[in-house]
1. Note down all Cβ pairs under 8 Å where the first residue falls in region 63-83 and is more than 15 Å from Val217 (Cα to Cα) and at pLDDT 95 or above, the second is among the β-branched types (Val, Ile, Thr) and within 16 Å of ligand 2 (Cβ to nearest atom), and they're at least six residues apart or on different chains.
2. Residue by residue through region 211-229, note down the ones that are within 16 Å of ligand 2 (Cβ to nearest atom), more than 16 Å from Ala199 (Cα to Cα) and open to solvent by 10 Å² or more (accessible area, probe 1.4 Å).
3. Going through Asp157, Asp138, Asp151, Asp110 one at a time, which residue ends up being of a type in the set (D, E, K, R), more than 27 Å from Ala224 (Cβ to Cβ) and modelled with pLDDT under 90?
4. Tell me, yes or no, whether region 18-35 has at least one residue that is open to solvent by 30 Å² or more (accessible area, probe 1.4 Å), within 16 Å of ligand 2 (Cβ to nearest atom) and in contact (Cβ under 8 Å) with a residue 24 or more places away in the chain.
5. Going through Gly83, Gly48 one at a time, which residue ends up being small (Gly, Ala, Ser), open to solvent by 50 Å² or more (accessible area, probe 1.4 Å), on the phi > 0 side of the Ramachandran plot and away from ligand 1 (no atom under 12 Å from the Cβ)?
6. Identify, from the list Asp110, Asp157, the residue that is of a type in the set (Asp, Glu) and within 16 Å of ligand 1 (Cβ to nearest atom).
7. Taking the condition of being surrounded by fewer than 21 Cβ atoms within 10 Å (Cβ to Cβ) and away from ligand 1 (no atom under 13 Å from the Cβ), how many residues in region 184-200 meet it?
Amino acid sequence: MAAPVNALVELRGVAKHFPVARSLGEVVRGQHPAVRALDGVSFDIGAGDALAIVGESGCGKTTLGRLLLKLVEPTAGTIAFDGAALAGLSGEALKAFRRQAQLVFQNPFDALNPRFTIYRAVAEPLLNAGIDKSEHADRVAEAFRRVHLPDLERYLDRYPHQLSGGQLQRVVLARALVLTPRFLVADEPVSMLDVSVRAGILSLMREIREEMGLTAVYISHDLALVRYLCERTVVMYLGTIVEDGPTLEIVRRPRHPYTRALVAAVPVPDADQSRAPLPIIGSVPDARDPPSGCRFRDRCPHAFARCATETPPLRAVGEGHTVACHLDLA
Ligand SMILES: Nc1ncnc2c1ncn2[C@@H]1O[C@H](COP(=O)(O)OP(=O)(O)OP(=O)(O)O)[C@@H](O)[C@H]1O
Ligand SMILES: [Mg+2]
């Protein structure tokens, strides 16, 4: 595990299981086999770092993002923010955390209340945080400036349906920034946008992060996208971390067989090809009944006997680079 000095966020052995019955029979019998969305996840996020979380659909990315923001509670393990365990936060400390840690929604069309004007949408977090109303106009204007929508008057009284997707995503960002947070989690921030406006939003997010010194987590199924935004990448497979390291190294020299497959699927910069199938066999197993040992083993072309009996721990293969695999990957 890469362990940055000055960690802002620390996860230790974090698990999240969702009890879900597969059939009415199971409900009647009181059986609730859990979906193991996350299992034994440990890593740190350094203050000011940009971290990418990548992996196929259903591997637990959104669940991890929601845990980081205390929108759901872990089944096991601990998450600390700035040295304080999230589980223990209440009252003023919880309010302070809510101001400092913000989510950027995937779909700007869903993120904003259609009945609220743009001004009200961006000012709402200030209201909820109890910031004096006399400060709202200035702070909203500042947030609009940061997202390069300086002509605030044009947007104040409009409603979400009157804006384009790109403008809306800027408004969603302004809303996330209006409380000047320290930590941002962006879950597939551009996947719902037109290809033509994606690059502009991504470079804006990069600029904002640098300007405000934010610590950021970008969640994506698309390695091509995060390689532009994040110096570090965590690769997830079926609720576990399989590789964690410098993004450039992961892209240029992926070690884990799953990461190699992901990198092989990275398209030339053409977003429409980004969901090309991985060149590995089968599909993601049922998260209610993951394979024993290494969770990737039944899709891995290199699997051998030990992979079924022993869960490979993350081990160092380079500076700040760890891999969970029994193969000799040096
Ligand atoms: N509230 C819930 N109840 C039951 N199961 C859930 C819940 N939320 C997530 N899951 C399950 O947990 C697993 C991980 O889901 P999650 O949404 O975190 O994946 P993801 O990596 O974000 O996928 P995607 O790329 O499709 O967004 C999946 O099997 C999903 O079905
Ligand atoms: Mg998701």
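The values are calculated or read from the model by the stated rules, or taken from the named source; none is laboratory data. In this text the structure is predicted, and so the values were computed from the model without any measurement. Note that we place each Cβ from the backbone using ideal geometry, even for glycine, and neighbour counts take in every protein chain shown. Protein only, heavy atoms only, side chains kept; ligands, DNA and RNA dropped before computing areas. Shrake-Rupley method; radii C 1.70, N 1.55, O 1.52, S 1.80 Å.
1. Listed by first residue and then by second, the contacts come to Val72/Thr63; Gly77/Val41.
2. If the condition is that a residue be within 16 Å of ligand 2 (Cβ to nearest atom), more than 16 Å from Ala199 (Cα to Cα) and open to solvent by 10 Å² or more (accessible area, probe 1.4 Å), then His221 is the only one that fits.
3. Answer to the check: Asp151.
4. yes
5. Going through Gly83, Gly48 in turn, the sole match is Gly83.
6. Every option except Asp110 fails the conditions.
7. 7
Conditions (1) over 22 Å from the mean Cα position of the chain (by Cα); (2) within 16 Å of ligand 2 (Cβ to nearest atom), marked per residue:
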{"site": "Leu71", "(1), (2)": "no, yes"}
{"site": "Ala87", "(1), (2)": "no, no"}
{"site": "Gly91", "(1), (2)": "yes, no"}
{"site": "Leu94", "(1), (2)": "no, no"}
{"site": "Leu103", "(1), (2)": "no, yes"}
{"site": "Asn113", "(1), (2)": "yes, no"}
{"site": "Thr117", "(1), (2)": "yes, no"}
